[in-house]
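The values are calculated or read from the model by the stated rules, or taken from the named source; none is laboratory data. The structure presented is a predicted model; accordingly, all values stated were derived computationally and were not measured. Here the Cβ positions follow ideal geometry from the backbone for every residue, glycine too, while neighbour counts run over all protein chains shown.
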Amino acid sequence: MTELKYYMPRLYNNTKGFWGNGNQQSTYELCIYIRGQLTKNKSYSSDEDNRWVTNLYNTVKNDPNTYGTYAGLNSWSHYFTDKQLKNFYTLVESISS
């Protein structure tokens with residue numbers, strides 16, 4: 001089973017083997033949430049934050065087979081298989097370094 005990272009919202013693994021969020025949260029909101037968790041007690045410009053969020057969001061939106069199901073404003077929430085969640089973590093950590 002995939003370990004949950006500190007920067008992710010509370011996810012649960014449902015009976016069908018997907019990791020999901022119990023609360024409604026779009027992919028864009030997820031990206032904002034993660035940026036906030038990663039930059040706690042650090043100072044970045046709004047431009048830097050926006051570029052980071054946009055980069056993550058566009059990558060996930062354009063490749064949901066790799067990084068998890070895209071959730072737009074009318075969707076309940078994103079969800080991931082174990083492999084997609086691991087890929088997502090790799091993506092987040094690669095653009096954070």
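Quick grid of which residues meet (1) over 12 Å from the mean Cα position of the chain (by Cα); (2) part of a helix (DSSP H, G or I):
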{"residue": "20", "(1), (2)": "no, no"}
{"residue": "30", "(1), (2)": "no, yes"}
{"residue": "36", "(1), (2)": "no, yes"}
{"residue": "49", "(1), (2)": "yes, yes"}
{"residue": "55", "(1), (2)": "no, yes"}
{"residue": "59", "(1), (2)": "no, yes"}
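Find the residue count for segment 66-85, including only residues that are out of contact with any strand residue (DSSP E or B) (no Cβ under 6 Å at 6 or more places or on another chain) and touching a residue at least 12 places away in the same chain (Cβ under 8 Å).
11
For a quick check of your reading of the model, give me the residue pairs whose first member lies in segment 41-62 and is free of Cβ contacts under 8 Å to residues at least 60 places away in the same chain, whose second is acidic (Asp, Glu), with beta-carbon atoms closer than 9 Å and at least 6 apart or on different chains.
Close Cβ pairs satisfying both conditions: none exist.
Can you name every residue in segment 1-17 that is part of a loop (DSSP other than H, G, I, E, B), at pLDDT 80 or above and either in contact with a strand residue (DSSP E or B) (Cβ under 8 Å, 6 or more places away or on another chain) or under 16 Å from residue 90 (Cα atoms) (or both)?
3, 4, 5, 6, 7, 8, 9, 10
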